[in-house]
Amino acid sequence: MAVKRTGQPSFVEALMPKGAGANAALDRLAGLVKWYRFEKLIGHLRDEGSPGRPGYPVLVLFRAVLLQSLYGLSERELEEALGDRLSFKRFVGLSLEDA
C-alpha cells in the first residue's frame with residue numbers, strides 16, 4: 001500500500017500566528033519521545049504492496065492512538081478531534097489540509 005505524504009504546510013498555515021494550535025503538554029511530549037524508535041518497532045506492520053488508496057504513515061496512526069488513549073476518546077471522537085483541534089493535528093503530524 002502506498003503511504004500518504006502528510007504534514008505539508010499550506011498557504012493558510014503560513015498566515016496563521018506562530019502559537020496557533022499550541023498545547024504545552026502535547027508539545028512537551030512530542031519533544032521528549034524518540035519517535036524514530038517506535039517507527040522502527042511498528043513500521044513493518046504496514047503492507048506496502050496492497051492496492052488501494054494511500055494510507056497514513058504508521059507513526060501518524062500511532063500518535064493518533066496515543067492521543068485516543070491519553071484523552072479517553074472513542075474512535076469517532078478521535079476522528080472529530082483530529083478534524084477540529086489544531087493541537088491534535090500538529091501532534092500527529094497532519095497539516096490543516098490533511099483529512
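Before moving on, here are some points about what is shown:
- Filtered residues of the range 5-40 (kept if modelled with pLDDT of 60 or more, among the acidic types (D, E) and closer than 12 Å to R90 by Cβ): D27
- For the condition buried (at least 16 other Cβ atoms within 10 Å of the Cβ), among the β-branched types (V, I, T) and in contact with a Gly (Cβ under 8 Å, 6 or more places away or on another chain), V92 does not qualify.
- Restricting attention to the range 50-86, the residues that are over 18 Å from D98 (Cβ atoms) and within 12 Å of the chain's Cα centre (by Cα) add up to 0.
The values are calculated or read from the model by the stated rules, or taken from the named source; none is laboratory data. Since the model is a prediction, treat every value here as computed from it, not as a measurement. Please note: Cβ atoms are built from the backbone with ideal geometry, for glycine as well, and neighbour counts cover all protein chains shown.
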